[in-house]
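The values are calculated or read from the model by the stated rules, or taken from the named source; none is laboratory data. None of the values given here were measured: they were computed from a predicted structure. Note that we place each Cβ from the backbone using ideal geometry, even for glycine, and neighbour counts take in every protein chain shown.
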Amino acid sequence: MEQQENTFLLPWHRIFGISLSDYFTGTLYKVEMEKDLSIKQQFLDVVIIEAGEGRIPAELPDGLENLAAHNLLTYKSHQEALNGWTLYELSGHYVNYRKQVSPSLKALLPEKDFQLYAVSTRYPAELMKNAEAVLVKPGIYDIKCPWDSRNIRLIVLSRISKEKKNAIWHLFSARQELIEYGASEYQWRTPVSSIINNLLKKYNMEGVIAMPYTIQDYMKDYVFHYFHTLTPEQIERLMKEIPVDERLKGISIDELLEKIPVEKLMEKIKSKGLKNNK
């Protein structure tokens, strides 16, 4: 039964891409996932493209402060190692992608229009032994490419600073404390409860951590963050689902009496009195 349920779970790369797509909803960036860059179907995980419309994000997660017009991301989950070959592949994707989006091979878009990101849940220890890397901030490194003049921005999700702006990164950190924090703090732009459900189920089923934080916990936090956006009709419908005793918690008798018209209260008292006299 457990194996059958697992078949319905999305792969890590898909969940990661959908989450980034949600993050950039309403901004001047659009997100494309699993971009096919060759006839042999070599897919790039995520491309973040400046679309020219929408708002500029007020505060970006750590590592994305240097977004360009075209941003190519490769992602390795906690199950995979990010190594030198990964960076070679990313550079190859960059070459193919730049050719595709440029007017022609003789009129390539400038290098400054492109930024490369290697995002990894785990710290790539083997890669970093020989890489020429500079620590930018916790979990963020710039790696010098020996075959290119550019840097590749490395983002290590398990080492990112615990901050609200990094909530989307924390969801993929594979660290229980950070996952719970990210799930409670990240404010989804689109209704994607099934995505967070997939994320939490995969952590549980793969035995990465014992996750006490469930989709029910997430939905409670979701309602808390978005309650102010509900219409009066939606609030009324929601309140009807809550038992009366629960609704009245924290409200004093004096506060209740203030809200009840005197004539209604007297009418109720008389009605109760008549019933008791029978």
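Key figures
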read-out: Test: Val95 is outside any loop (DSSP other than H, G, I, E, B), at pLDDT 95 or above and under 21 Å from Leu67 (Cβ atoms); value: no
read-out: Check on Ala118, touching a strand residue (DSSP E or B) at 6+ places or on another chain (Cβ under 7 Å), under 23 Å from Glu80 (Cβ atoms), modelled with pLDDT under 95 and small (Gly, Ala, Ser); value: no
read-out: Residues that are in contact (Cβ under 8 Å) with a residue 40 or more places away in the chain and over 25 Å from the mean Cα position of the chain (by Cα), drawn from segment 65-88; value: Gly84
read-out: Filter pass, Val156 being farther than 30 Å from Gly52 by Cβ, exposed (fewer than 15 other Cβ atoms within 10 Å of the Cβ) and touching a strand residue (DSSP E or B) at 6+ places or on another chain (Cβ under 8 Å); value: no
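Here's the yes/no breakdown for (1) surrounded by 13 or more Cβ atoms within 10 Å (Cβ to Cβ); (2) out of contact with any helix residue (DSSP H, G or I) (no Cβ under 8 Å at 6 or more places or on another chain); (3) among the polar types (S, T, N, Q); (4) in the same structural domain as Ile155 (by TED's automatic domain parsing):
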site: Leu67; (1), (2), (3), (4): yes, yes, no, yes
site: Asn71; (1), (2), (3), (4): yes, yes, yes, yes
site: Tyr75; (1), (2), (3), (4): yes, no, no, yes
site: Leu82; (1), (2), (3), (4): yes, no, no, yes
site: Leu87; (1), (2), (3), (4): yes, no, no, yes
site: Gly92; (1), (2), (3), (4): yes, yes, no, yes
site: Asn96; (1), (2), (3), (4): yes, yes, yes, yes
site: Lys99; (1), (2), (3), (4): yes, yes, no, yes
site: Leu105; (1), (2), (3), (4): no, no, no, yes
